[in-house]
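What follows is a set of notes on a single structure, which appears directly below.
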Amino acid sequence: MSEAVVKRAAVVTGGSRGIGRAICVALAKQGCNVVVNYCHGVDAAAETVAQCTTLGVQAVAVQADVSTAEGCKKLFEEAVNAFGRVDILVNNAGVTRDNLILRLSEEDFDKVLNANLKGAFLCCKEAARRMVRQRSGRIINLSSVVALRGNAGQTNYAASKAGLIGLTKSLARELASRGVTVNAVAPGFIATDMTAVLPEAVQTEMTKGIPLGRVGQPDDVANAVAFLAAEQSGYLTGQVLCVDGGMAM
Ligand code: NAP
């Protein structure tokens, strides 16, 4: 008699909309059960859950602010309560508070670093503890091409995303011997709420700098994340994969 196949369980931070939602759906298509984390968007998170469950997997929405240790602890406790394990962590939650440095407040610097970098650190810690015990796991961090190239008006955001690359490579070295891989994906200019707020002239100018000649879609990034999360990608760690239409090459 064959044993029932245990589905892998994924935690996606900021899974309520944009790239995070596309990642949840891509992982559901791979047959993973999904924990859809959100901070404010309860209805949007419910929609992501519905899109995942339609694909024949289980999905739950968990409200948690990942910039706090309590939030991350709660997120992982609820994930384990739901699925008994965590095989994949995608640190996707992110915010921007753009301004030129002379106008950038300390509060907005801290806000972005806490959500984007500290949040990923706290989630990695929760995940690593469990993955090391399992002797397997996949961690994928959402960085950005601005981490590699810089961007005027985004010293806080670029610092957080560059920090994620250092975190990714260091953690990849720490966890490699335990069968846990850690990689980063660096999207370019992707059509989501985050970029919709940019003035049209800026969007047009940015599109001109993309060799493939189009703005990226959330699915373009989600496909790369799903590739790194796949069981077959076990010999790939400490890498930064740019999904940017050639923008940063
Ligand atoms: P988005 O549309 O603005 O969505 C951001 C997501 O993060 C939302 O689901 C939001 O949840 C969640 N979030 C924010 N702060 C959170 C917190 N403290 N705790 C938990 N969840 C939190 O962003 P996106 O464009 O999809 O970007 C996703 C990731 O890709 C981000 O890390 C971003 O920096 C990165 N990225 C995006 C682009 C781009 O062009 N769009 C380019 C490079 C990198 P709620 O709505 O529930 O609050």
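Below are the figures for this structure:
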read-out: Identity of the residue in the stretch 133-160, charged (D, E, K, R) and over 21 Å from residue 207 (Cβ atoms), that ends up surrounded by the most Cβ atoms within 10 Å (Cβ to Cβ); value: 138
read-out: Lone unmet requirement of (1) touching a Cys at 6+ places or on another chain (Cβ under 7 Å); (2) open to solvent by 10 Å² or more (accessible area, probe 1.4 Å); (3) of a type outside the set (Ser, Thr, Tyr) for residue 42; value: (1)
read-out: Sole exception among (1) open to solvent by 30 Å² or more (accessible area, probe 1.4 Å); (2) touching a residue at least 60 places away in the same chain (Cβ under 8 Å) for residue 87, by number; value: (1)
read-out: Complete set of residues in the stretch 12-44 that are at negative phi and more than 11 Å from the ligand (Cβ to nearest atom); value: 25, 26, 27, 28, 29, 30, 32, 33, 34, 35
read-out: Tally of residues being under 21 Å from residue 194 (Cα atoms) and open to solvent by less than 50 Å² (accessible area, probe 1.4 Å) across the stretch 14-38; value: 14
read-out: Tally of residues being within 15 Å of the ligand (Cβ to nearest atom), farther than 30 Å from residue 128 by Cα, touching a residue at least 12 places away in the same chain (Cβ under 8 Å) and not in a helix (DSSP H, G or I) across the stretch 190-214; value: 5
read-out: Residue 158 being aliphatic (A, V, I, L, M) and more than 12 Å from the ligand (Cβ to nearest atom); value: no
read-out: Verdict on residue 188 being closer than 20 Å to residue 15 by Cα and open to solvent by less than 40 Å² (accessible area, probe 1.4 Å); value: yes
read-out: Test for residue 53: is it more than 12 Å from the ligand (Cβ to nearest atom) and touching a strand residue (DSSP E or B) at 6+ places or on another chain (Cβ under 9 Å); value: yes
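The values are calculated or read from the model by the stated rules, or taken from the named source; none is laboratory data. Keep in mind that this is a model prediction, so the values were computed, not measured. Heads up, the Cβs are rebuilt from the backbone with ideal geometry, glycines too, and the neighbour counts pull from every protein chain shown. All accessible areas refer to the heavy atoms of the entire protein, side chains included, with ligands and DNA or RNA removed. Shrake-Rupley method; radii C 1.70, N 1.55, O 1.52, S 1.80 Å.
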